[in-house]
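Have a look at the structure below before the remarks.
What follows is calculated from the coordinates using simple rules that are stated; it is not laboratory data. Just so it is clear, the structure is predicted and the values come from calculations on it, not from any experiment. All Cβ positions, even for glycine, are placed from backbone atoms using ideal geometry, and neighbour counts span all protein chains on display.
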Amino acid sequence: MEDERTKQASDASAEQSAAGNAGQQSNPGTSNVDADSGAGVRQLVAPARFSKFLSVGAVGAVVDNTVLVLLVELVAVEPVFAAVGAKETSILLMFALNERWTFGEHGGGGLRDRGWRLLKSNVVRSGGAIVGIATLYVLYRWAGLWYLAANVFGIGVGFFFNYTFESLVTWRVHEP
């Protein structure tokens with residue numbers, strides 16, 4: 001019985017330290033729900049992960065803009081429609097990079113698990129793509145901004161949408 005209490009106290013101390021609450025007293029027998037939800041928020045705003053996501057997003061933005069320019073200038077596709085192909089190309093590339101690098105410790109599993117995450121990622125990023133394409137449309141059509149500059153603004157607007165929902169839905173960083 002004494003060994004079990006010692007182990008529980010040690011586990012509680014380790015949880016507090018991991019949650020950044022070292023030095024605060026634990027109340028034996030209390031729920032760790034607050035510590036768990038706090039850890040989930042910390043996982044979402046982890047600077048290292050956010051920096052990786054931002055780096056992958058920068059690569060995706062370059063690909064997005066390159067494909068957009070190629071479709072508009074070489075194939076003569078209207079910019080708003082070309083943005084759809086450009087976004088999907090960059091979505092697939094960013095998934096592969098995030099799967100291996102940004103969220104590698106939250107991935108795992110076999111081909112079926114990876115395929116499920118790809119589907120979720122594509123659905124989530126489609127929301128960000130819609131936000132980006134809508135921004136492009138408004139700035140290009142209504143404000144008369146050059147299509148490439150309008151696309152860059154759209155990418156910026158969609159970035160935070162994508163980061164939040166990719167973290168929570170696709171890789172579920174808030175779960176242990």
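Please find the FRET efficiency linking A149 to F50, where r is the Cβ-Cβ separation and R0 is fixed at 35 Å, and quote it to the nearest 0.05.
Values: r = 25 Å, r/R0 = 0.72.
It comes out at approximately 0.90.
Inverting the pair-averaged 1/r between distinct Cα atoms of segment 87-138 gives 11.7 Å as its Kirkwood hydrodynamic radius. Extents of segment 108-176, taken as max minus min of Cα coordinates on every principal axis and listed largest first, are 47, 22, 13 Å. Here the residues T135, T102, ranked from fewest to most Cβ neighbours within 10 Å of their Cβ, fall in the order T135, T102. Derived value for segment 39-176: Kirkwood hydrodynamic radius 15.3 Å. Basis is the mean of 1/r over every pair of different alpha-carbon atoms.
Sort 90-100, 47-57 by the packing proxy (mean of other Cβ within 10 Å over each peptide's residues), most packed first. If you can, show how the numbers build up before the last one.
Numbers: 90-100: 19.6, 47-57: 15.5.
Ranking, from highest mean packing down: 90-100, 47-57.
Applied to segment 46-62, the Karplus parametrisation 6.51 cos²θ - 1.76 cosθ + 1.60 on θ = phi - 60° returns per-residue 3J(HN,Hα) values of 4, x, 5, 5, 4, 5, 5, 4, 5, 5, 4, x, 5, 4, x, 5, 4 Hz, with x for Gly and Pro.
So how do W116, W171 line up by other beta-carbon neighbours within 10 Å, fewest first? If you can, show how the numbers build up before the last one.
Details: W116 12, W171 22.
Final ranking by Cβ density, sparse to dense: W116, W171.
Annotation: amide H of V77 within the under-5 Å range of V72, sequence separation 5 or more or interchain, hydrogens built in the peptide plane.
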